[in-house]
Amino acid sequence: MKTRFPLFARLLLWFFVNLLVLIAGLALMVRVQFGSLDNWLLPASSQNEIQAMSVTLIGNLGHSERSDWGGELAQLSVAYKMDFALFDYRGQWLTGAMLKPPEEIRRAMIYAQANHPPPGSPSGPGMAPPVSPPSFNPQPGEPPPEREAPRPSSGGKIPDFPKSVLRTTAPPAYWLLVRLPPEPLQIAAPVTLVGMTPSLGISPLLFNPKPWIAVAAGIILFSILFWFPLARNLTRSITKMTRATESIAEGRFDIQLTDSRSDELGRLSHAINRMAGRLKDFVTGQKRFLGDAAHELCSPLARMEIGLEILEGRCDEKSLPYVRDVREEVTHMRKLANELLRFSKASLEESHVKLAPVNVAEMVEAAIHLEKSKVGSIEVNVPRDLYVRGDFELLRRAVANLLRNALRYAGDAGPISVDARQEQDAVVVTVSDHGPGVAPGDLGKLFDPFYRVDSSRTSETGGTGLGLAIVKSGVEACGGVVGAANRIPHGLEIRLRLTRVESPVVR
């Protein structure tokens, strides 16, 4: 099956589309906010607002007495939530809020004055700016000269005032510097309007991080919504395949993935379906072969056993031990063939079992009756009103095998317990003992055919290794699940989890 659109290419394409959208959104945001990145703390809207504020301020200052300039700046501070003051060309305070800018701010003010001298004034390193004219400090009783309004440029538009924002750490603050021209203020040298705010987001004149936080949140939300369909589509398919492979690992091969994808995951789903089908055929063929072979061996082994019994009664004393040894071996072979036959039937009957309500208490009593000749005591704690969906004979055989194992390996360590309880829509039947338990690494292999915990066990001490495999096959044929766990401080517990049903109505 050829991949039409590889998964790697799809992920790569989706990533670049998302990246392009984010870059476009960021560029649009920068253009709207700043116009450029020359001064990122002064968005374009703030620069226009500062320009308009400065024009209004110098107009008000130009038509008021110098003693009233502090009031004008105070009104400005309240309106824009920032402390404002005027400083001269030497960085000395003139009026306004009592600001104490650090040395780097003073150097920035002097540098701005040196690089933007008033028209007709000397400039350059070591050159002193012009002194203020007499009109700047009129004599007592002398009428002030007529104030001039701000003069626009030849184009009718007042030129932009040089402005910048600086950040200091001692004290932690943001400083707004705006160079104001001297002519509208009737002074000889330019002055610097200085505004100070302890942090961003307080004054509307400086960069406000809140819109950017909102944009970042929007970008994250957009990315989540953008990637979620693809990620959900991938994880849904992977989850289905994970469950399918877990079922295959548990020996359940009746699965069919219906994913119609055309990428690598689609190919993987198709391969899992083929693998499950092939494994089912292999395992079914193996079990059928075991059953056929066991069935064919049962009759000749039975005839051999009968013949050896007859021979045992007719042979002399010298040959009798040898005949008995052969008979024991033949008996063991017959039991092994019967176990193989039962295992094969339990496995192959899964698809042919007719499930019906089974009373758990009655099923457990029948299983105990099969093992009544065994040594050891069995304690039963099973409510009589519990019913499960299953096959009575398969469940009886499974519980009987568990009791047989428990009595054989832990019958002398204490009583064997058989309990049953309801857990939501299921019934859990537990067979537990007080024996030594099983090594943790062997718990997952207990139900494998022919597996023995102790490899040194013989057929007499360790059985054929098919008892628990028959238990698993019978329980799974009834739609249940079987598991094993060690008890604390010692002992082994086998749990059969079966589907609970209501008590059948007797008419």
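The values are calculated or read from the model by the stated rules, or taken from the named source; none is laboratory data. Since the structure is predicted, the reported quantities are computational estimates derived from the model, not experimental observations. Because the Cβ atoms are built from the backbone with ideal geometry, glycine has one as well, and the counts that use them run over all protein chains shown. Just the protein is used for accessible areas: all its heavy atoms, side chains included, with ligands, DNA and RNA removed. Shrake-Rupley method; radii C 1.70, N 1.55, O 1.52, S 1.80 Å.
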(request) Residue by residue through segment 221-238, note down the ones that are modelled with pLDDT under 80, open to solvent by 50 Å² or more (accessible area, probe 1.4 Å) and farther than 30 Å from Ile272 by Cα. (result) Ile224
(request) Could you tell me which residue of segment 300-317 is farthest from Val330 (Cα to Cα), considering only residues that are open to solvent by less than 60 Å² (accessible area, probe 1.4 Å) and not hydrophobic (A, V, I, L, M, F, W, C)? (result) Glu312
(message) Restricting to segment 318-339, give me the number of residues that are out of contact with any helix residue (DSSP H, G or I) (no Cβ under 8 Å at 6 or more places or on another chain), of a type outside the set (D, E, K, R) and either surrounded by 13 or more Cβ atoms within 10 Å (Cβ to Cβ) or in a loop (DSSP other than H, G, I, E, B) (or both).
(response) 1
(request) Would you mind telling me which numbered condition in (1) of a type outside the set (A, V, I, L, M); (2) part of a helix (DSSP H, G or I); (3) out of contact with any Asp or Glu (no Cβ under 9 Å at 6 or more places or on another chain) Ser237 fails? (result) (3)
(request) Answer with yes or no whether Pro300 is part of a helix (DSSP H, G or I), over 60 Å from the mean Cα position of the chain (by Cα) and within 27 Å of Leu466 (Cα to Cα). (result) yes
(message) Kindly evaluate Ala244 against the criterion of being open to solvent by less than 50 Å² (accessible area, probe 1.4 Å), over 30 Å from Ala79 (Cα atoms), over 18 Å from the mean Cα position of the chain (by Cα) and among the hydrophobic types (A, V, I, L, M, F, W, C).
(response) yes
(request) Among what's in segment 280-297 and is loosely packed, with under 14 Cβ neighbours inside 10 Å and not aliphatic (A, V, I, L, M), pick the residue that is farthest from Arg334 (Cα to Cα). (result) Asp281
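Here's the yes/no breakdown for (1) open to solvent by 60 Å² or more (accessible area, probe 1.4 Å); (2) modelled with pLDDT of 80 or more:
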position	(1), (2)
Trp14	yes, no
Leu20	yes, yes
Asn39	no, no
Gly59	no, yes
(request) Answer with yes or no whether Glu476 is of a type in the set (D, E, K, R), open to solvent by 20 Å² or more (accessible area, probe 1.4 Å) and at pLDDT below 80. (result) no
(request) Read through the list (1) modelled with pLDDT of 85 or more; (2) touching an Asp or Glu at 6+ places or on another chain (Cβ under 9 Å); (3) more than 25 Å from Glu493 (Cα to Cα), then give the number of the only condition that Val326 fails. (result) (2)
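Can you pull out every residue in segment 480-489 that is open to solvent by 40 Å² or more (accessible area, probe 1.4 Å) and either in a strand (DSSP E or B) or modelled with pLDDT under 85 (or both)?
Val481, Asn486, Pro489, listed by residue number.
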